[in-house]
Every structure is written in structure tokens, then in C-alpha cells.
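*Asks:* Quick one: the structure is below, questions incoming.
Read-outs: derived from the displayed coordinates by stated rules, not from any lab. Just so you know, these numbers come straight off a predicted model, no measurement behind them. Note that each Cβ is placed from the backbone with ideal geometry, even for glycine, and that neighbours are counted across all protein chains shown.
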Amino acid sequence: MQGRSIAEFKKEEEELLKTIEELKEEIVRLKEERRKLINEVKALREERRKASREKREYVEKLRSLREERKKILDELAQLKEERKKTRDELVIKRDQLRVLRGLLEKEGGRLAKISLKRLQRRLQELEMMQMTRVLRPEEEKRLVEEISRLEELIERVRKAKEQALSTMELQAEVKALVIKLKDLNQRIDELRQQAGSVKEELATLSSKIEEYNERIKKLSEEIEKRSTRIDELSKEIDNLYAKYREVMTRLKDIRIAMARGMELSEVEKRREEIKKKMEKGEPLTLEELKLIYGFYD
């Protein structure tokens with residue numbers, strides 16, 4: 001062998017073998033770290049999928065509650081408008097009732113209590129007397145005056161009774177409006193409470209969804225962080241494998257050189273020549289094949 005001694009080759013071989021072991025250990029360590037990180041990423045992605053599903057459920061509840069609250073507010077607005085109309089109508093009816101009561105208090109109340117049938121019966125009697133009896137002029141005059149007063153009284157009593165009836169009807173209408181207004185107020189209060197309750201639920205759901213958003217964001221950050229580290233590890237492992245292949249090639253060259261008593265430069269030069277022959281398609285000898293593929297005795 002020319003150049004370097006067997007002892008020098010042996011020493012370099014030992015160093016290369018040591019380097020190979022170190023590279024193997026480092027590759028195994030990095031692969032184990034990557035495997036753990038991959039499993040963690042899988043678990044985090046599953047947790048994120050679960051959180052996303054739960055969040056969608058809360059978002060659906062939120063949408064449903066918003067629709068419910070809108071219906072409540074729409075109904076509330078309608079009832080408030082109806083209440084306003086009822087109040088306005090009640091004010092008008094009460095004013096009308098006050099006017100009618102005022103009229104009745106003047107004289108209508110007393111007249112309304114008079115029996116209209118008795119007055120009409122009395123009128124018929126007087127009219128019959130006028131037609132059937134022969135009266136002196138002064139008696140005829142008094143009878144005519146009495147009939148006239150009685151007719152006037154009957155008309156006043158009739159009007160008074162109509163006013164009394166109208167008052168009673170108006171009183172019933174006012175009472176019905178008061179009851180309606182009370183019912184409207186009660187329903188409006190109930191809807192306000194419902195709207196308030198739904199609003200609280202909406203706030204709770206919104207807060208819950210925000211928590212899920214924050215949780216999903218953190219999970220995504222953790223996944224991104226680990227994925228970045230996995231990529232870094234993959235590159236480191238690829239680099240170590242490349243270095244490992246280089247060292248293995250160097251080790252093979254040394255062992256070939258040791259086996260054949262050649263300098264490494266000669267081995268490399270001879271390999272290049274054999275590669276060129278392969279590229280040209282020329283046949284190779286067994287020795288050339290052994291040299292190109294790193295086989296040695």
C-alpha cells in the first residue's frame with residue numbers, strides 16, 4: 001500500500017464507526033421526538049375538531065335564540081302599538097262618558113226613572129177624553145195644554161232613557177277597554193321578561209363561543225408550533241441521513257482501500273472510470289462491479 005499505513009486507515013475507520021453510531025443515536029433520538037410530536041399533533045387536532053363541533057352547536061343555539069328574541073321584540077312592538085290605540089280610545093270613551101253623565105245629572109237622571117208606559121197610558125186617556133167627551137172651551141183648552149205638556153214630557157223621558165242606555169253601553173265599553181289594557185300590560189310585561197331572559201342567554205352563549213374561539217386559537221397555535229418543530233426535525237434527520245451516507249461511503253472507500261492496498265484517491269479515480277464505462281453501456285468485470293458497489297474481500 002502506498003501513502004498511508006494500515007494503522008492510519010484503522011484509526012480513521014474507528015473514528016468513522018464512532019461517528020456512525022453517534023449519527024444513528026441522534027437519528028433515533030430525533031425520530032422519537034418527531035414521533036411524539038406527531039402523536040401530540042394528532043391529539044391536538046382531534047381536540048380542535050371536537051371544540052369546533054361543540055362551538056358549532058353553541059353557534060346554532062345562538063342563531064335560534066336570536067330568531068326567538070326577534071319574534072318576541074316584534075310581538076312586543078305590535079302590542080305596544082295596540083296598547084297606545086287602546087289608551088287613546090279609552091281616553092275618548094271616558095270623555096264621552098263624562099259628557100253623558102253630566103247631561104244625566106242635570107235632569108236626565110230623574111227623567112230616566114219615570115215610567116214611559118205610564119206617561120203614554122195617561123196620554124192615551126187624555127186623547128180619548130178629548131175625542132169622546134163634550135167639554136167647555138176652558139176645559140178643552142186645559143186638556144189640550146195638558147196633552148201638549150205630556151207629549152213634551154214623554155219626548156224628554158224618551159231622550160233621557162236613550163241617554164241612560166247610551167251611558168250604560170259606554171260604561172261597558174270603557175270597562176272592556178280597561179280590561180283589555182290590563183291584559184295588554186300584563187302580556188307586555190311577560191314579553192319584556194322573556195326578552196330579558198333571552199338576552200342573558202345570548203350573552204352567556206356569546207361568552208361561551210368566545211371561549212371556544214380562544215381555545216381553538218390556542219390549539220391551532222400549539223399545532224402550528226409542533227408542526228414547525230416536526231418540519232425542523234425532518235430536515236435535521238434528512239441532514240443526518242445525508243451525513244450518515246457520506247460517512248458510510250467514506251468507510252466503504254477506506255475498507256476497499258485497505259482490502260486492495262490502494263490509496264483512496266486511486267479508489268475514487270477508478271470508480272469514476274467505471275461509472276463512465278457504465279454510462280457508455282460497456283460491460284463491467286466482476287472486480288469493477290465489486291469496486292463500484294463497495295464490495296470487498
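*Asks:* Would you please put 17-28, 272-283 in order of how densely packed they are, using the mean number of other Cβ atoms within 10 angstrom per residue and starting with the highest?
*Replies:* Taking the mean over residues of other Cβ atoms within 10 Å, the ranking is 17-28, 272-283.
*Asks:* Would you mind computing Rg(Cα) / (2.2 N^0.38 Å) for segment 6-280, counting N as its residues?
*Replies:* 2.98
*Asks:* Here's something else I'd like to know. How much length, in nm to one decimal, is gained on full extension between residue 30 and residue 122, taken as 0.36 nm per residue of separation minus their Cα-Cα distance?
*Replies:* Roughly 20.5 nm would be gained on extension.
*Asks:* What is the magnitude of the charge dipole of segment 6-280 about its Cα centre, with +1 placed on the Cβ of each Lys and Arg, -1 on the Cβ of each Asp and Glu, and no other charges, expressed in debye to the nearest 20?
*Replies:* I would put it at about 920 debye.
*Asks:* What's the FRET efficiency of residue 190 with residue 210 using the Cβ-Cβ distance as r and R₀ = 35 Å, to the nearest 0.05?
*Replies:* Efficiency at R0 = 35 Å is approximately 0.70.
*Asks:* Let me ask something additional. Applying 1/(1 + (r/R0)^6) with R0 = 35 Å to the Cβ-Cβ distance of residue 241 and residue 57, what FRET efficiency is obtained, to the nearest 0.05?
*Replies:* 0.15
*Asks:* Let me ask something else. May I ask you to list the lysines whose Cα is less than 29 Å away from that of residue 175, ignoring any residue fewer than eight positions away on the same chain?
*Replies:* Correct list for residue 175: 80, 84, 85, 93, 106, 113, 159, 161.
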